[in-house]
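Peer 1: Before anything else, here's the structure in question.
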Number of protein chains: 2
Amino acid sequence: MRIVISMGSRRRSGTGVEAATDGKGEARTALLRLGAWLEERGLKHSRQRDVIVETFYGMGGHVPVDGLVARVRALDARVSVATVYRTMKLLAECGIAVPRRFDDGQTRYEPSTGRSHHDHLICTGCGRIVEFENERIEELQIRVARSHGFEVESHKLELYGRCDRCRRAEPGARDPRP
Amino acid sequence: MRIVISMGSRRRSGTGVEAATDGKGEARTALLRLGAWLEERGLKHSRQRDVIVETFYGMGGHVPVDGLVARVRALDARVSVATVYRTMKLLAECGIAVPRRFDDGQTRYEPSTGRSHHDHLICTGCGRIVEFENERIEELQIRVARSHGFEVESHKLELYGRCDRCRRAEPGARDPRP
DNA sequence: CCCATACTGATAACGATTCTCATTATCCTA
DNA sequence: TAGGATAATGAGAATCGTTATCAGTATGGG
């Protein structure tokens, strides 16, 4: 399955104050948070990490590592694959990025600063990924788990299907004439 | 993460008539279905496929391919890895087995004859896998998808957490004395 | 029994990710 | 501001699960 990167709709706050989200501001926030996190544990920061974080936030959405590598290398050809993998892992650890593994076997990362938990709708036609939240489902999950003696730590909910666009463009649409 | 194979509870019919499910009867059903399916499309059947199906049903639960390979080879050392992979794919195609990919990167198969749809609870402590069904959650999924213009074809819901056993055995349990 | 053709086994290849290790960069201290 | 401890890097080898290749084998209809 080919998966295409796209954000669902960006949530905008009602105030309009902190709504500027072209990636730049978020990248800055992320870099600050990363800096603090590194310092706390005696780690160093580096040019590569900065480039990677900025590129990552510039891409937005659900970024596959190889795509990120390509973009980063357009800016600095010497950055190695290993470093990108290492850095993304780091970002995940410090809470700046969330790793996702859909059904195509590669890890994607999504920026997480200021974003709340959500699940995904994935179009099996065009690969579009849409995010959604549903409080009721979350509650039911917790309840079901509890009824089996489990305490939920995390979950994965992915809905695979065809988006409206793809369904419209599909054979089987009842249009007798070509 | 290590994942341990185990079925949730087997559903037994109220009649008690078709309740014999030690794997043998199911294996037979599966073999019959496979036979018919192969014949329909001019494919041939083979000793290897029989061995694999029987072993697979003998194991029950969520069977990782490498585990299946090991067991099959205990019966017939010449069966190759490739054949096991090929056969499991075949079984999936003809509806005898369902492939599952949890978060540890390997494909597991579960027997599907006479079993209905369900999702999974996975213990992050001991790897135990428990199955559950929840009609309400399914409904909500369909509704949420529809509200985003999607028509659901399939979904994946996995709840990760700690089972009661593991929680009991855990540090943090408030038992002041050892 | 024969033959077309599907199936098999062994192994190479694959894609995503991680590891290794020699080299380089960072940053704390004097 | 130089020195040094040590974290980070790059390049490529290694790993893991899985699939492809291809020559040899087995199946089953005629």
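The values are calculated or read from the model by the stated rules, or taken from the named source; none is laboratory data. Note that the structure is predicted; figures quoted are calculated from it, not measured. Counting neighbours? That spans all protein chains shown, and the Cβs are built from the backbone with ideal geometry, glycine included. Heavy atoms of the whole protein, side chains included, go into the accessibility calculation; ligands, DNA and RNA do not. Shrake-Rupley method; radii C 1.70, N 1.55, O 1.52, S 1.80 Å.
Peer 1: Am I reading the A/B interface right? What is its buried accessible area, both sides, 1.4 Å probe, to the nearest 100 Å²?
Peer 2: Details: alone 11660 and 11700 Å², together 20250 Å².
Rounded to the nearest hundred, the buried surface is 3100 Å².
Peer 1: I'd like to know how region A:116-170 sits against the 2.2 N^0.38 Å rule of thumb: what's its Cα Rg over that expected value? Please list the in-between numbers first.
Peer 2: Working: Rg = 14.5 Å, N = 55, 2.2 N^0.38 = 10.1 Å.
Compactness ratio reported: 1.43.
Peer 1: Further question on the same structure: Which whole-Hz ³J(HN,Hα) couplings does region B:160-170 yield from phi under the Karplus relation 6.51 cos²θ - 1.76 cosθ + 1.60, θ = phi - 60°, glycine and proline marked x?
Peer 2: Result, rounded to whole Hz: 9, x, 10, 6, 4, 3, 5, 5, 5, 7, 9.
Peer 1: Taking each label point as 7 Å beyond Cα in the direction of the beta carbon, state the distances from A:Gly114 to the same residue in the other copies, shortest first, in nm.
Peer 2: 5.7
Peer 1: Which whole-number percent gives the relative contact order of region B:116-178, counting Cα pairs below 8 Å spaced six or more residues apart? Intermediate results must be reported in sequence, preceding the final value.
Peer 2: On the way: 54 pairs, mean separation 24.6, N = 63.
The value is 39 percent.
Peer 1: Sticking with this structure for a sec: Provide an ascending nm list, one decimal, of label-point separations from B:Val81 to the equivalent residue in each further copy; define each label point as 7 Å from Cα along Cα→Cβ.
Peer 2: Computed spacing set for this position: 2.0 nm.
Peer 1: Indicate, rounded to the nearest 5 percent, the antiparallel portion of the DSSP beta bridges found entirely in region A:116-170.
Peer 2: Numbers: 4 of 8 bridges.
Close to 50 percent.
Peer 1: May I ask for the distance between the Cα centers of region B:45-71 and region A:85-123, given as a whole number of Å?
Peer 2: If we compute the Cα centre of each part, the gap is 35 Å.
Peer 1: Moving on to the next point. Could you work out what % of the accessible surface of region A:21-115 is carbon and sulfur, using a 1.4 angstrom probe and leaving DNA, RNA and ligands out of the count?
Peer 2: Summing carbon and sulfur atoms, their accessible area is 51 percent of the total for region A:21-115.
Peer 1: Taking beta carbons within 10 Å but only from partner chains, what does the mean come to for residues B:125-137? Provide the component values of the computation, followed by the final result.
Peer 2: On the way: counts 1, 0, 0, 1, 0, 4, 1, 6, 1, 6, 0, 6, 9.
Neighbouring Cβ atoms belonging to other protein chains average 3 per residue here.
Peer 1: Another question, then. Could you give the radius of gyration (one decimal) and Dmax (whole number) of the Cα atoms in region A:21-115, in Å?
Peer 2: Looking at region A:21-115, its Cα Rg and Dmax stand at 12.4, 37 Å.
Peer 1: While we're on this one: Could you order peptides A:157-165, B:59-67 by the average number of other Cβ atoms within 10 Å of their residues, highest first? Please list the in-between numbers first.
Peer 2: Details: A:157-165: 19.4, B:59-67: 17.4.
By packing density, highest mean first, the sequence is A:157-165, B:59-67.
Peer 1: Average partner chain C-beta neighbours within 10 Å, per residue of A:157-168?
Peer 2: The per-residue average across the peptide is 6.
Peer 1: Determine the dipole magnitude for region B:45-108: charges of +1 sit on the beta-carbon of Lys and Arg, -1 on that of Asp and Glu, nothing else is charged, the reference point is the Cα centre, and the result goes in debye to the nearest 20. Walk me through the numbers before you get to the answer.
Peer 2: Details: 10 positive and 7 negative charges, 29 e Å.
Dipole size: approximately 140 debye.
Peer 1: Count, for each residue of B:102-109, the Cβ atoms from other chains sitting within 10 Å of its Cβ, then give me the mean as a whole number. If you can, show how the numbers build up before the last one.
Peer 2: Numbers: counts 2, 3, 0, 2, 0, 0, 0, 0.
Partner Cβ neighbours, averaged per residue: 1.
Peer 1: Follow-up question, since we're still on this one. Once you wrap a convex hull around the alpha carbon atoms of region B:39-178, what is its projected area averaged over all directions, in nm²?
Peer 2: Taking a quarter of the hull surface, the average projection is 13.2 nm².
Peer 1: Placing the label point 7 Å from Cα along the Cα-to-Cβ direction, what are the distances from B:Gly61 to the equivalent spots in the other copies, shortest first, in nm to one decimal?
Peer 2: The projected label point of B:Gly61 is separated from its counterparts by 4.1 nm.
Peer 1: Label-point separation (nm) for B:Glu40 and A:Arg136, each offset 7 Å from Cα along Cα-to-Cβ?
Peer 2: Calculated label separation equals 3.7 nm.
Peer 1: Normalising by the residue count of region A:65-178, find the relative contact order in percent from Cα pairs under 8 Å and 6+ residues apart. Mind showing how you got there, number by number?
Peer 2: On the way: 96 pairs, mean separation 20.8, N = 114.
After rounding, I find 18 percent.
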